[in-house]
1. Just give me a number: lysine pairs in the stretch 59-209, eight or more positions apart or cross-chain, with C-alpha atoms less than 16 Å apart.
2. Hey, got the Cα dimensions of the chain along the principal axes, in Å, largest first?
3. Accessible area of the stretch 36-105 with a 1.4 Å probe: how many percent of it is carbon plus sulfur?
4. Mind checking the angle between helix 174-187 and the chain's longest principal axis? C-alpha axes, 0 to 90 degrees, to the nearest 10.
5. Round to the nearest 10 and give me the degree value, 0 to 90, for the angle of helix 158-168's Cα axis relative to the longest principal axis of the chain.
6. Would you compute, from DSSP H runs of 4+ residues alone, the mean residue ellipticity of the chain at 222 nm, taking -39500 (n - 2.57) per run and dividing by the full residue count, rounded to the nearest 500?
7. Excluding ligands, DNA and RNA, what is the solvent-accessible area per residue of the stretch 79-219 at a probe of 1.4 Å, expressed in Å²?
8. Give me the angle, in degrees from 0 to 90, between the Cα long axis of helix 30-39 and the longest principal axis of the Cα atoms of the chain, rounded to the nearest 10.
Amino acid sequence: MLTKKQWKHFLDEMDRMFPEAHCELVHDNPFELTIATLLSAQCTDVLVNKVTKTLFQKYKTPHDYLAVPLEELQQDIRSIGLYRNKAKNIQLLCMKLLTEFQGEIPANREALVSLPGVGRKTANVVLSVAFDIPAMAVDTHVERVSKRLGLCRWKDSVLEVEETIMKKTPIEKWSKAHHQIIFFGRYHCKAQNPGCGECPLLSDCREGQKRLKKGLVKA
């Protein structure tokens, strides 16, 4: 397992590699970010942004999503995986916002996860990006990178990964580190064919050293 000093070095390198890392889901307010993040489950940000470009022109408020038949909303997001379930959750979410939260996205994790279709990851994204509240959202990239580097164990749950990263990362760096880890995983330490050969973390990376020994990476 990595020490705090080693992890700090890794974060410093990611900061050098991706100083402008940011949330790539296009949105103008907390409501749009919540909808976009809900849609992004098991889907790429690129596809979500393609769909929301027109979706957010048609639907501005929770009332708008409830003013159309479910089938119409399904068609509007049809190109996104699990679109039927996501459309249903969007309408249920909008209904709950209107009945319990005055139509506004709450800046509270407990309240956020009570919304249909909003899990802990989505809640953490909204808290961090929309409300600037320190949080660490663990998606597939964050989980993969933290385990490959040896910060977390392969058997660790998503919640355990989140807790480990928060414990070893200064709270004021959580939001920035979250985006930089995602960029590192999305554009460098990819699921398939990670860039180990050009990686500045290779000498201390658990996965990179394994690949080096197997001859998959040039020293």
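The values are calculated or read from the model by the stated rules, or taken from the named source; none is laboratory data. For clarity, every value in this text was computed on a predicted model and none was experimentally measured. Quick note on the areas: whole protein, heavy atoms, side chains included, nothing else; ligands and nucleic acids left out. Shrake-Rupley method; radii C 1.70, N 1.55, O 1.52, S 1.80 Å.
1. Total qualifying Lys-Lys pairs in the stretch 59-209 comes to 10.
2. 60, 32, 31
3. With neighbouring chains kept in place, the figure for the stretch 36-105 is 53 percent.
4. 80 degrees
5. For helix 158-168, the angle is close to 60 degrees.
6. -16500 deg cm²/dmol
7. Each residue of the stretch 79-219 exposes 50 Å² on average to a 1.4 Å probe.
8. With both axes taken from Cα atoms, the answer is about 70 degrees.
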